[in-house]
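The values are calculated or read from the model by the stated rules, or taken from the named source; none is laboratory data. These numbers were taken from a predicted model, which means no experiment stands behind them. When the accessible area is computed, the model is the full protein with side chains, heavy atoms only, and any ligands, DNA or RNA have been set aside. Shrake-Rupley method; radii C 1.70, N 1.55, O 1.52, S 1.80 Å.
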Amino acid sequence: VVSFVHTGYASVVSNTYVSVPLLVSITPSATSSKVLVMVSGGSISPHTGAGGVSLRIYRGSTGLSGATSNQNYGGGMVACPASITYLDSPSTTSATTYQLYMKEDNANTIYYNYFGEADMTITVMEIGA
């Protein structure tokens with residue numbers, strides 16, 4: 001099990017997925033192992049006028065299509081915790097990096113950890129086959 005906690009405040013301005021500094025690396029012990037990836041906590045707060053905010057976990061440079069969380073905020077500064085859980089099958093024994101990416105449909109600003117209520121955490125856990 002490996003975790004990383006991001007305590008800082010940052011923002012993203014993009015309508016395509018861009019990385020945020022929430023990443024962790026794990027080296028599976030067998031190619032048949034699965035990796036449970038969990039993102040939780042923090043606060044995601046789009047700027048006024050924002051529409052849909054999407055979060056996605058990437059393995060290296062590959063976006064994991066089932067590892068997404070979509071929210072339609074309908075504008076206004078509202079704080080919602082990040083939450084994604086995904087069971088991945090990386091089929092490797094090499095070091096593998098998992099990272100959170102974000103986008104906003106209209107390329108408005110998304111703030112995370114803006115209100116400082118909770119730190120954002122990414123945790124990965126190897127599950128033997």
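Summary of computed values
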| item | result |
| --- | --- |
| Where THR27, THR123 fall by accessible area, highest first, once all protein chains stay in place (1.4 Å) | THR27, THR123 |
| Nearest-10 value in Å² for the accessible area of ASP105, using the 1.4 Å probe | 90 |
| Kirkwood Rh (inverse of mean 1/r, distinct Cα pairs), the stretch 1-67, angstrom | 14.3 |
| J(HN,Hα) series, the stretch 18-31, from Karplus relation 6.51 cos²θ - 1.76 cosθ + 1.60, nearest Hz, glycine and proline x | 10, 6, 10, x, 10, 9, 8, 10, 9, 10, x, 7, 8, 5 |
